[in-house]
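Here's a structure for you.
The values are calculated or read from the model by the stated rules, or taken from the named source; none is laboratory data. Here the structure is a predicted model, which is why all the values come from computation and not from measurement. Backbone-built Cβ (ideal geometry, glycine too); neighbour counts: all protein chains shown.
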């Protein structure tokens, strides 16, 4: 009889080792006990792992020699138990030694190998372990495993900046994906479709906002496909999440009387925002990026560069006679059209002061509706508004009458009228009501 200690030590017990690899293995005849070392609070602790009565046992020591001595005693007791009650038959003994040799080839204790196999079998159920491994290798062929979500988000933002995407778009990505990365700090490969769906539902957002958030997450996973962080040959987890159905609703618009009342109550600083939004149909974000150089008063057109438009494509919008007349009231037409931030909010406050409601995107909805009723050409209006003809036809067709459209594009500033320097401070007693149509 003899005892042997094989070790993986290189420069003492405190050196960091690969996760799961024993510090040393204590062998007593046919009994093998792995011993693990771990740094805790500046001290190295040695743990002996073994099985007794079918249950896994662990004992921890701070002294290596004491741990080895205890491991030897445990090994002797295990051996005595095997000899007294579990004498193996020749065929069983051969099977045991064969299993031990295979485990040794993988540098893994036999007990650890069997424990891992048993856990895998529980997880797989009736699926053969080999089939599961082959499927995993097929799916992950060429995929870089273990890439954390935060790293993918950081690389995406950097790539979008290099591609020249707008700062507003990059901030939107940072905001939504920053929240997403905190919710899923692990590898991106570990995130499943049901995880994303639960995360979206927990946000309790309105359907449109929820769909917008899912769209951003899909951008992230498509980028991960390009970088080989997730399998490119199959749908990503984000693509398998369905968008919420959004109920179709008619766009709410101002009447010509309401628009005229709003313009006549507006200070000079709000005139460009209201007039361009209502008579050219630009989005609030597009107006905020617009410069007066792009407003050609002589040729009567507004030119939106690709980096200014939401659709990232150049767009030319014609200027109506009344739009030119209202913009001529603005004395300083150099630099940014919107000289102050949050003019949209100021316009909303002004509308409420004079007794008007402010539906979402009301200026743009009004322009598109009255423009369709004027020229009866959804394709042309789609080009001018930066929308698809299908959207124009679905949401804006026959929303207003041709007569109302004529009145809308005939709203002119009174002769000699000068816009006030500041908005109204008091709510008037009489108003036009709160109709948004």
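Of all residues being more than 32 Å from the chain's Cα centre (by Cα) and buried (at least 22 other Cβ atoms within 10 Å of the Cβ) in region 230-259, which is modelled with the lowest pLDDT? Just the residue, please. Walk me through how you get there before you give the answer.
Narrowing region 230-259 to residues more than 32 Å from the chain's Cα centre (by Cα): 253-259.
Remaining after also requiring buried (at least 22 other Cβ atoms within 10 Å of the Cβ): 253-254, 258-259.
Numbers: 253: 88, 254: 93, 258: 95, 259: 96.
Only one residue tops the list, namely 253.
Still on this structure: Look through 168, 130, 138, 201 and report the one residue that is modelled with pLDDT of 90 or more, exposed (fewer than 15 other Cβ atoms within 10 Å of the Cβ) and assigned to a helix (DSSP H, G or I).
Numbers: 168 fails: modelled with pLDDT of 90 or more; 130 fails: modelled with pLDDT of 90 or more; 138 fails: modelled with pLDDT of 90 or more.
Only one candidate qualifies: 201.
May I pose another question? Kindly provide the set of residues from region 130-157 that are within 15 Å of the chain's Cα centre (by Cα) and without any contact (Cβ under 8 Å) to a residue 24 or more places away in the chain, ordered by number. I'd like the intermediate steps shown before the answer.
As a first pass, look at region 130-157 and keep what is within 15 Å of the chain's Cα centre (by Cα): 148-157.
Within region 130-157, 151, 154, 157 qualify.
Would you please name the residue that is modelled with the highest pLDDT, looking only at residues in region 412-437 that are surrounded by 15 or more Cβ atoms within 10 Å (Cβ to Cβ) and over 18 Å from residue 252 (Cβ atoms)?
Residue satisfying both the conditions and the ranking: 413.
Ok, one more. Given region 327-396, what helices (runs of 4 or more DSSP H) lie entirely inside it while holding 2 or more residues that are under 22 Å from residue 412 (Cα atoms)?
Details: elements: 343-353, 362-375, 378-385, 389-396.
In region 327-396, the matching helices (runs of 4 or more DSSP H) lie at 343-353, 362-375.
Specify which of the listed residues (262, 290, 220) is buried (at least 18 other Cβ atoms within 10 Å of the Cβ) and under 18 Å from residue 319 (Cα atoms). Break it down into steps so the answer makes sense when it comes.
On the way: 262 fails: under 18 Å from residue 319 (Cα atoms); 220 fails: under 18 Å from residue 319 (Cα atoms).
It is 290.
Next question. How do the pairs read when you match residues in region 369-394 that are in contact (Cβ under 8 Å) with a residue 60 or more places away in the chain with residues anywhere that are assigned to a loop (DSSP other than H, G, I, E, B) and surrounded by fewer than 15 Cβ atoms within 10 Å (Cβ to Cβ), using Cβ under 8 Å and keeping only pairs 6 or more apart or on different chains?
Listed by first residue and then by second, the contacts come to 386/311; 386/313; 394/248.
Residue under question is residue 147, and the condition is that it be modelled with pLDDT of 90 or more and outside the structural domain of residue 196 (by TED's automatic domain parsing); does it hold? Steps first, answer last, please.
Numbers: modelled with pLDDT of 90 or more: yes; outside the structural domain of residue 196 (by TED's automatic domain parsing): yes.
It is true that residue 147 is modelled with pLDDT of 90 or more and outside the structural domain of residue 196 (by TED's automatic domain parsing).
Going by the conditions given, is residue 38 in the same structural domain as residue 110 (by TED's automatic domain parsing), surrounded by 12 or more Cβ atoms within 10 Å (Cβ to Cβ), farther than 25 Å from residue 106 by Cβ and at pLDDT 65 or above? Working first, answer last.
Working: in the same structural domain as residue 110 (by TED's automatic domain parsing): yes; surrounded by 12 or more Cβ atoms within 10 Å (Cβ to Cβ): yes; farther than 25 Å from residue 106 by Cβ: no; at pLDDT 65 or above: yes.
For residue 38, the condition - in the same structural domain as residue 110 (by TED's automatic domain parsing), surrounded by 12 or more Cβ atoms within 10 Å (Cβ to Cβ), farther than 25 Å from residue 106 by Cβ and at pLDDT 65 or above - is not met.
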